[in-house]
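Here the structure is laid out as structure tokens; the discussion comes afterwards.
The values are calculated or read from the model by the stated rules, or taken from the named source; none is laboratory data. Remember, predicted model here, so these are calculated numbers, not experimental data. In this analysis, Cβ positions are derived from the backbone assuming ideal geometry, glycine residues included, and neighbour counts consider all displayed protein chains. The protein model used for the area step is the full one, side chains on, heavy atoms only, and it has no ligands, DNA or RNA in it. Shrake-Rupley method; radii C 1.70, N 1.55, O 1.52, S 1.80 Å.
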There are 2 protein chains.
Amino acid sequence: MMKKVIQKKITMMKKVMSKSNLKLIAVLERTGGFASAQELHQILRREGDGIGLTTVYRALQSLVDDKIVDLLRREDGEAIYRLCGETHHHHLVCKSCGDTVEIEGGAIEKWAKTMAEEFGYRDVGHTAEIFGLCSKC
Amino acid sequence: MMKKVIQKKITMMKKVMSKSNLKLIAVLERTGGFASAQELHQILRREGDGIGLTTVYRALQSLVDDKIVDLLRREDGEAIYRLCGETHHHHLVCKSCGDTVEIEGGAIEKWAKTMAEEFGYRDVGHTAEIFGLCSKC
DNA sequence: GCATAAATGGAAATGATTTTCATTTTCATC
DNA sequence: GATGAAAATGAAAATCATTTCCATTTATGC
Ligand SMILES: [Zn+2]
Ligand SMILES: [Zn+2]
Ligand SMILES: [Zn+2]
Ligand SMILES: [Zn+2]
């Protein structure tokens, strides 16, 4: 079932979504979390959908523009996408084994907000990740 | 003149640096701030150095491995490099005009440290950037 | 139905980064 | 100074995500 936040945004949008956009939202909803355009395309293909890679990129771009999807970057620079509206959190990643812990970012949120206000920036988002070696490595 | 911190690190390194590594450190020192591999290559070429692009990539990779250079990402995913040892700071970047403000990250440092301790991670670093629209845009 | 605009997808183009591989340089040893 | 192994180098080719082109299909208003 579609998340409330997203549903609301979609409803608020004047324009009706294209079929592709809705498909992408559905996959992102189903998989939860981050995925690259290529991965999302593969998933859809595996499920029998003949959607083209170009369309996947286009749909994701449009969803990002409409603030329905967040765009982030993997460490290698590849773009990854996730639905907005999920609980916002950050990551603690092990440089060696890749183990990842989702962590609260209350302090970050406050920091970002404060800084944005101080310098007159609006409509701000932020990225914040911690990299290190986990206890096992 | 080479920054103290870097000089120290270089001295501490058992192995002697390759000529290319030293060249890259010199350019990064001279230009200060961030630059992509391609940009650094162009700068060197412009200055008459016939260094190959491959070597630039290799040198940067090796410097990153040795913690002498930091690797970050532009918004489009392109890798950018800078010398470590500069005063640690974060960025407030305008999504529209690209204007950048360097900001203090005291809160972040504390947050990263706290989280790392809580989950038993050591040798941690972090990334944290804020993106938004500046007052002019 | 018809005309027009929007959506779609395959193929080709782009552009950063990596890989391959033959050549050159460095360096220790004789 | 010669010599051979190991490290460094760079040109060209390969990768791979992403974008651009363009022809075809689909949706929409009349
Ligand atoms: Zn680990
Ligand atoms: Zn946050
Ligand atoms: Zn601006
Ligand atoms: Zn910091």
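Going 7 Å from Cα along the Cα-Cβ axis for the label, what nanometre distances separate B:Lys110 from the same residue across the other copies?
0.7
Roughly to the nearest percent, how much of the accessible area of region B:40-99 is carbon and sulfur, given a 1.4 Å probe? If you can, show how the numbers build up before the last one.
On the way: 1390 of 3020 Å².
Accessible surface attributable to carbon and sulfur in region B:40-99 totals 46 percent.
Between B:Arg122 and B:Thr100, what length in nm is gained on full extension when 0.36 nm per residue of separation is reduced by their alpha carbon distance?
Extending this stretch completely gives an extra 4.9 nm.
Could you state how much accessible area is buried at the B-A interface, both sides summed, with a 1.4 Å probe, in Å² to the nearest 100?
For B against A, buried area totals roughly 3200 Å².
Just need the relative contact order of chain B here, percent rounded to a whole number, with Cα pairs under 8 Å and 6+ apart.
Numbers: 144 pairs, mean separation 27.5, N = 137.
Over chain B, the number comes to 20 percent.
What value, in deg cm²/dmol to 500, does the helix sum -39500 (n - 2.57) over DSSP H runs of n ≥ 4 give at 222 nm once divided by the residues of chain B? Intermediate values should be presented prior to the final figure.
Values: 5 runs with 58 residues, N = 137.
It lands at -13000 deg cm²/dmol.
Working with all protein chains in place, sort B:Lys23, A:Lys67 by solvent-accessible area computed with a 1.4 Å probe, largest first. Before the final figure, lay out each step's value.
Numbers: B:Lys23 65, A:Lys67 100 Å².
Solvent-accessible surface, decreasing: A:Lys67, B:Lys23.
What accessible area, in Å² to the nearest ten, does a 1.4 Å probe give for A:Asp123?
For A:Asp123, solvent-accessible area is about 80 Å².
Might you tell me the accessible area per residue for region B:16-137, computed with a 1.4 Å probe and given in Å²?
Per-residue value: 51 Å².
Per-residue accessible area for B:Ser18 at 1.4 Å probe radius, Å² rounded to 10?
60 Å²
So which of A:Lys113/B:Lys95; B:Lys23/B:Lys67; A:Lys113/B:Lys67; A:Lys110/B:Lys113 end up more than 24 Å apart by C-alpha?
A:Lys113/B:Lys67
How far is B:Ile43 from the same spot in each other copy, in nm, shortest first, if each label point sits 7 Å from Cα toward Cβ?
4.1
Let me see the pair-distance distribution of chain A: every alpha carbon pair, 10 Å bin width, integer percents in order.
So the P(r) values, bin by bin, are 10, 35, 34, 18, 3, 0.
Please report the accessible area of B:Ile103 (heavy atoms, 1.4 Å probe, ligands and nucleic acids excluded) in Å², nearest 10.
Using a 1.4 Å probe on the heavy atoms, I get roughly 10 Å².
Put simply, what bits of region A:70-111 lose 10 Å² or more of accessible area when the other protein chains are there, versus the chain on its own (1.4 Å probe)?
Those residues are A:Arg73, A:Glu75, A:Asp76, A:Gly77, A:Leu92, A:Lys95, A:Val101, A:Ile103, A:Glu104, A:Ala107, A:Ile108, A:Trp111.
I'd like the distance separating the alpha-carbon centroids of region A:72-137 and region A:38-63, in whole Å.
After rounding, the separation between the Cα centres reads 25 Å.
Once the label point is set 7 Å along the Cα-to-beta-carbon vector, what list of distances in nm do you get between A:Ile80 and its counterparts in the other copies?
Between copies, matching label points for A:Ile80 lie 2.2 nm apart.
Quote the FRET efficiency, to the nearest 0.05, computed for B:Val64 versus B:Lys110 with a Förster distance R0 of 25 Å and r equal to the Cβ-Cβ distance.
0.45
Would you please give the FRET efficiency between B:Asp49 and B:Arg74, computed as 1/(1 + (r/R0)^6) with r the Cβ-Cβ distance and R0 = 22 Å, to the nearest 0.05? Walk me through the intermediate numbers first.
Numbers: r = 24 Å, r/R0 = 1.10.
So the FRET efficiency works out to roughly 0.35.
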